[in-house]
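The values are calculated or read from the model by the stated rules, or taken from the named source; none is laboratory data. Because the structure is predicted, anything quoted here is derived from the model rather than measured. With ideal geometry, Cβ positions are generated from the backbone for all residues, glycine too; neighbour counts draw on all protein chains shown. Accessible surface is based on the protein model in full, side chains and every heavy atom, while ligands, DNA and RNA are left aside. Shrake-Rupley method; radii C 1.70, N 1.55, O 1.52, S 1.80 Å.
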Amino acid sequence: MKEWYKEAVVYQIYPKSFCDTNGDGIGDICGIISKLDYLKELGVNTIWLSPCYVSPGDDNGYDIADYRKIDPVYGSMDDFKAMLSEMKKRGMRLLMDLVVNHTSDEHKWFEESRKSKDNPYRNYYIWRDPVNGHEPNEWQSNFGGSAWEYDKTTGQYYLHLFSKKQPDLNWENPKVRQEIVDMMNYWLEMGVDGFRCDVINLISKDIENGISGDGPRLHEYIHLLNREALAPHNAMTVGEVWGLSPEESLMLTHPERQELSMVFQFEHMGVGRTGGRFYLGEFEPEKYVSVLAKWQEGLNGKGWNAICVENHDQSRCINRIGNTDKYRYESATMIATLVYAMQGTPYIFQGQELGLINPIFSSLEECRDIEALNAYPELLKEFDEEEVMRRFSGDSRDCGRAPIPWDDSENGGFTTGTPWLKLHDRYKEINAKADLLSSKSVYKYYKSLIRLHLENKTMLYGDFDLLYNKDSLSVYQRSGEDGIYKVICNFCDKPCAIDFNVLPETVILSNYSVEEEISELAPYQALIVKEV
Ligand code: TEU
Ligand code: CA
């Protein structure tokens, strides 16, 4: 069935790092407004805005203290409404970040909840008695340490699957569910078009039976949000879920179930990790492509994929998959071609369209992310300081969060003040202005790719077939209403032979100019070829 979300091309803005207009070193809503023409020109038609609600900022806004207010550091509600209307003027839609597995401990619900066992808000959160003077169970927080925090006022522990400043909401409580529904309607009625739903599969738990996510009432809760808020507004949703199979994801997204529009899967982003975060090994292109292919085949005709390369929890793809020096343009555009010529709704993380690279962190003082800060003492038990910083420079969440360099002036024109987090080290050379002036512009390539995606029915809706995937070469086919296309990618910094010839007149898009018949791909070459 045709749905608007299937023809969305989404650009993720991480507001803290996008564009600062008042010199406090932190991006803001006025900064976003100032770049809407840049985004319109790129061709994206939907913005996903990471949290900009009132927050103490323990996890950069994923710890919300007031769901209905804009944090003053980003601007006022008037600024927000102006931004929304400027987006609408340009035919763009807006997705807000819905972070409802937890709030901030500075949310008024939690401040009430912790006061006493009989406070009306007590049951908004998850409280348990100590067991033999200890935590109720062994659960670990995603950011390290126990998932339980003792609160001496009432002598009980509360659950926090993330930082201790992010207490988990108790979805078993119908009042909590109603609060969330009302809050979603508040934003939808203001004109927001949908939500990216943070760790949405964690909202249902069965603590007594050791279940910390994907709990027994998950589908009931999400269906409720759909019925009471999303469906009446024809809103789009993308769920953030970790570790699901395509079959499990269909349970959340099959249209008949009326839950979510689509989910992100992160399986391909984990390719090359030898352990958890901070344990990167060699990247394996064959595995990367086969994971993506599995999701293409698993959802085709039944569900719908969110296709993405990076986000604010990941490092930059060219550092991991591509080549940041000699072939930065080629590898950035090859990865984009491989992923965005597949079937699904594209999500582009800010800066990806410029082929941005990771910063190099040389001391802990340069790092900001709570996950890295918490992991630091643990990693030091295993590695020396230099090695820990090398790991942070390759795999910490600060990598993708580095502020955007808009030009080659001091701090890349991101701010006139001191940026809250350092920019990548080569911003004098790699920035938006330089990219747009270059004959090898990543932005312009993205623009062509987005246009092709939106204008070609095969690219939008066609079937996917993996034809070849070995070592550094992958070939897949899209077939549909507007013909048959082959997408051919070379993941390596050396030429790669193919056993067929490509005629220049059949090339729809490539990151190299193709003047004559070829039977070999150049380093990191990508081709979209029309079958004749
Ligand atoms: O991320 C969920 C999440 O599971 C990741 O933070 C993950 O724990 C981490 O990257 C593993 O190394 C979402 C948001 O995207 C993230 O920014 C938030 O910190 C988190 O939820 C809590 O709200
Ligand atoms: Ca600012």
Can you run down the residue pairs with Cβ atoms below 8 Å, 6 or more apart or on separate chains, where the first is in the range 99-120 and within 13 Å of ARG177 (Cα to Cα) and the partner is part of a helix (DSSP H, G or I) and charged (D, E, K, R)?
none
Can you name every residue in the range 393-416 that is more than 25 Å from ASP313 (Cα to Cα) and either within 16 Å of ligand 2 (Cβ to nearest atom) or of a type outside the set (Gly, Ala, Ser) (or both)?
ASP408, GLU410, THR416
Would you point out the residue of the range 280-291, among those that are in contact (Cβ under 8 Å) with a residue 40 or more places away in the chain and open to solvent by 10 Å² or more (accessible area, probe 1.4 Å), that is nearest to PHE464 (Cα to Cα)?
SER290
Would you tally the residues in the range 269-320 being closer than 19 Å to VAL388 by Cα, assigned to a helix (DSSP H, G or I) and either touching a His at 6+ places or on another chain (Cβ under 8 Å) or more than 16 Å from ligand 1 (Cβ to nearest atom) (or both)?
1
Checking ASP79, ASP71, ASP58 in turn, the sole residue that is within 16 Å of ligand 2 (Cβ to nearest atom), open to solvent by 40 Å² or more (accessible area, probe 1.4 Å), assigned by TED's automatic domain parsing to the domain that holds TYR38 and among the charged types (D, E, K, R) turns out to be ASP79
Does GLY413 satisfy the condition of being at pLDDT 95 or above and over 15 Å from GLU366 (Cα atoms)?
yes
Which of the residues that make up the range 259-287 are polar (S, T, N, Q) and over 13 Å from VAL238 (Cα atoms)?
THR274
Counting only strands (runs of 3 or more DSSP E) wholly inside the range 462-532, the ones holding at least 3 residues that are out of contact with any Pro (no Cβ under 9 Å at 6 or more places or on another chain) are 463-470, 473-480, 483-490, 496-502, 507-510, 526-530
Considering only the range 353-367, how many residues are within 16 Å of ligand 1 (Cβ to nearest atom) and in contact (Cβ under 8 Å) with a residue 60 or more places away in the chain?
1
Which one of the conditions (1) over 19 Å from LEU98 (Cβ atoms); (2) buried (at least 21 other Cβ atoms within 10 Å of the Cβ) does SER50 fail to meet, given that it meets all the rest?
(1)
Candidates ALA306, ALA336, filtered to the one that is under 21 Å from ASP493 (Cβ atoms), under 19 Å from the mean Cα position of the chain (by Cα), open to solvent by less than 20 Å² (accessible area, probe 1.4 Å) and among the hydrophobic types (A, V, I, L, M, F, W, C)
ALA336
List every residue pair whose Cβ atoms lie under 8 Å apart, where the two residues are 6 or more positions apart in sequence or sit on different chains, the first residue falls within the range 396-414 and is closer than 12 Å to LYS16 by Cα, and the second residue, located anywhere, is open to solvent by 10 Å² or more (accessible area, probe 1.4 Å) and assigned to a helix (DSSP H, G or I).
ARG401/LYS16; PRO403/ASN411
Counting only strands (runs of 3 or more DSSP E) wholly inside the range 1-75, the ones holding at least 3 residues that are under 21 Å from GLY194 (Cα atoms), in contact (Cβ under 8 Å) with a residue 12 or more places away in the chain and within 16 Å of ligand 1 (Cβ to nearest atom) are 10-13
